[in-house]
Structures are given as C-alpha cells and as structure tokens.
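Chemist: Below is a structure I'd like to ask you about.
What follows draws every value from the coordinates through simple rules; no lab data is involved. Bear in mind the structure is a predicted one, so any value in this text is a computation, not a measurement. Here the Cβ positions follow ideal geometry from the backbone for every residue, glycine too, while neighbour counts run over all protein chains shown.
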Amino acid sequence: MPVLRLKLLIDGHEVEAAVEVPGEPGPRQVILPILQRLTDVVVEVAERGYEAKVSCQKGCDACCRQMVPISPTEAYALGALVEAMSAERAAGVLERFDRGRERLAELGVLGRLHDRHALTLEQQRELDRDYFGAGVACPFLEGRACGIYADRPLACREFLVVSPAEHCREPVAGKVEQLALGAKVSVALREQDGEWLPLVLARDFVSGCSEEVLAESPAEVLRGILGRL
C-alpha cells in the first residue's frame, strides 16, 4: 500500500506523518480514517496551546442535539456503520432517524433543511437555533453517549468547548466558547465533495443515490483536501 508523507504547519506547530493510502480508486469513504486521525491531531495541537481546559465529557450530550453538517463521504460511511450493526441495534438507530425527521417536520424545520442551500447566512443561523430548540437527538446517541464515538463525524470531533458545560444546554451568545482550531478538516472535506447535508438526513441521502467511486487515486484526493486546509 503506498505511503503518503504529510508535513503541515498547524498553529505554528509543524506536524509530520506517514500514512498508508489505498493505491487504487475505490469508494470515497476509504480516505475517512486518515481524515479522522488528522482532525484528532489538529485538536490535540489546539488543546496544547490553549490555557483553558476542554469541558466536554461523557454524559454531556447537549451538542448531540445540534445540527451536524457532514459531507456525502461521511454519509456513506455512516450508512456502512449501520449496515454492520446487529439487526436490533440498527433498527433502533433507523427508528431514531425517522422520529427525528418527523419531529422536525412537525415544527416546520425539515423543509428548511432541504432548502438549506438557498438560505442566507442569517437564515442559516436561525435554522441552527430552531433545530437545537427542537431537541432532536443524534440518532447515534445511546445512553447519553455517542454510540459511534471512534467513527463520529469530523464536525463532532472539532466541536469542543472550554466554557462551563452548563452553558451548552441553553446557549446564549457570548457564553459558549469553543476551542479555536488552526484548521478544520471537516470544512475542507465538504468543499472537496462540493456538498454538505445535515446528519439527520444522511439516511435519506444514502438511500437516494449510490456512492461514487473515486475518479482519482485516494492519494490525489487527499492532496486536494490538504490543499484546501
């Protein structure tokens, strides 16, 4: 398997790594484990250079009720995770997807999610607030903990707060302070994919279209994503 050597400057820290990359084109999600690790490294660098400690901990699940933006690549990976689950567990996850969509439809939020690309920045912010206000938990939230923590979306890996955790349940402007990151791999991936969608719509997206095979080699796609950083 080819080895791709990386050298990045993040918040003034030089990071070098050698990662194995599949040599032949394949499903887009083959690059995701590398991007997950890269995101974790960006977060680790940010934590080392920040005075305040991250206040997130297991059982603090307020952020699991926010609208999580994911890329199509991540949507297919989440679909594969559900397929690999036991029948009973997968049924529970899919039921939570359905209940979440129903709740958002009742509150008039679902339509705006589908029309998200036509919204202004202020309308997008209003949609974020209304989504959080709906209280719809992530379908992968199990027992107040992430049921797919090792494979959670990049945006979830990047969202860490350094303000008191109690502020997260009723966010007020200026009270919730996020850990500042030197780069956001999630944004670079969504730009590379050319599209984004809310996690709650991932099931609909995956069932509505087939995953594309990479036209380029995984190494070339990774170089494109890194270039966007």
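Chemist: For Leu141 and Arg48, what does the FRET efficiency come to when R0 = 35 Å and r is the distance between their Cβ atoms, rounded to the nearest 0.05?
Modeler: In this case the efficiency is close to 0.75.
Chemist: Let me ask another. Which Cα, out of His167, His13, Leu226, lies furthest along the positive dipole direction of the chain (beta carbon charges, K/R +1, D/E -1)?
Modeler: Farthest along the dipole direction, towards plus: His167.
Chemist: Inverting the mean 1/r over all pairs of different Cα atoms, compute the Kirkwood radius of the range 123-188 and quote it in Å.
Modeler: So the Kirkwood estimate lands at 13.8 Å.
Chemist: Further, regarding this structure: Sequence-distant or interchain residues sharing an amide H contact under 5 Å with Leu6, placed H: which?
Modeler: For Leu6, whose amide H was placed from the backbone, the distant partners under 5 Å are Ala17, Ala18, Val19.
Chemist: Determine the sum of side-chain charges near Ala105: Lys and Arg each +1, Asp and Glu each -1, restricted to other residues whose C-beta is under 14 angstrom from that of Ala105.
Modeler: Taking every Cβ under 14 Å from that of Ala105, the sum is -2.
Chemist: Oh, and also: Each residue of the range 158-165 in order: what ³J(HN,Hα) in whole Hz does its phi give by Karplus 6.51 cos²θ - 1.76 cosθ + 1.60, θ = phi - 60°, with x for Gly and Pro?
Modeler: 8, 8, 10, 10, 10, 8, x, 4
Chemist: Could you tell me the calculated FRET efficiency between Glu126 and Arg99, based on Cβ-Cβ distance and R0 = 25 angstrom, to the nearest 0.05?
Modeler: 0.60
Chemist: Measuring from label point to label point, each 7 Å out along Cα→Cβ, what is the Ser217 to Arg89 span in nm?
Modeler: With each label point 7 Å from Cα toward Cβ, the separation is 3.6 nm.
Chemist: Where the Cα atoms of the range 1-105 are projected onto their three principal axes, how long is each span, largest first, in whole Å?
Modeler: 46, 43, 24
Chemist: Would you mind checking which residues have amide H under 5 Å from Leu179's amide H? H placed 1.01 Å from N; only 5 or more apart, or other chain.
Modeler: Sorted by chain and number, the residues that satisfy this are Leu160, Val161, Val162.
Chemist: Now, a different point. Please turn the phi angles of the range 101-113 into ³J(HN,Hα) values with the Karplus equation 6.51 cos²θ - 1.76 cosθ + 1.60 (θ = phi - 60°), one per residue in order, whole Hz, x for glycine and proline.
Modeler: Here the 3J(HN,Hα) series is 5, 4, 5, 5, 5, 4, 8, x, 8, 4, x, 5, 5 Hz.
Chemist: Size of the dipole of the chain about the Cα centre, Lys and Arg at +1 and Asp and Glu at -1 on the beta carbon, nothing else charged, in debye to 20?
Modeler: With Lys and Arg at +1 and Asp and Glu at -1, about 400 debye.
Chemist: Can you give the log10 of the normalised intensity I(q)/I(0) at q = 0.20 Å⁻¹, computed with Debye over equal Cα scatterers of the range 81-208?
Modeler: Values, matching the q order: -1.61.
Chemist: Quick check: from the Cα gyration tensor, does the chain come out rounded (a/c under 1.5), prolate or oblate?
Modeler: oblate
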